[in-house]
Amino acid sequence: MTHDDVLALMEAIGIPYAYDHFAEGESPDPPFVCFLYPEEVEFGADNTVYHAFNNLDIEVYTDLKDPELEERVEAVLKEHEIFYHKSEVWIEDEKMYEVLYEMTV
């Protein structure tokens, strides 16, 4: 999956998004999405990388729990046949929920 493919996923989710973070002072009101490639996973043998995959994190930030938005994100991922792991955390300092989708693309 290319970076342009990932951008198309973000567009399909339909809320503001940024790579890694928004510039200071430019963050929109929630809900919004940040995504990043925290790690690359290589497949190889005989001292050669045959193919590299990116781990992709999609972080969905909301003020309140938003099951409908989560369903929309999951529908986009399922439509593109992407297997994901989902977790959730309350960020006390920001007073926001973060729903994290981790996958390899």
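Coupling constants for region 63-75 follow from the phi torsions by the Karplus curve (6.51 cos²θ - 1.76 cosθ + 1.60, θ = phi - 60°), and in residue order they are 6, 10, 4, 10, x, 5, 5, 4, 4, 5, 4, 5, 5 Hz; glycine and proline get x. In a reduced charge model with +1 at each Lys and Arg Cβ and -1 at each Asp and Glu Cβ, the chain shows a dipole moment near 240 debye about its Cα centre.
Listed options for percent of Cα pairs over 18 Å apart are (i) 63; (ii) 50; (iii) 54. The value calculated from this structure is the one marked (ii). Relative contact order of the chain: 24 percent, from C-alpha pairs under 8 Å at least 6 residues apart in sequence. Modelled spin labels at ALA23 and PHE83, positioned 7 Å past Cα toward Cβ, are 4.0 nm from each other.
Throughout, read-outs are computed from the coordinates displayed, never taken from laboratory work. Quick caveat, the model's predicted, so the values are computed rather than measured. Reconstructed Cβ throughout: ideal geometry from the backbone, glycine too, with neighbour counts over all protein chains shown.
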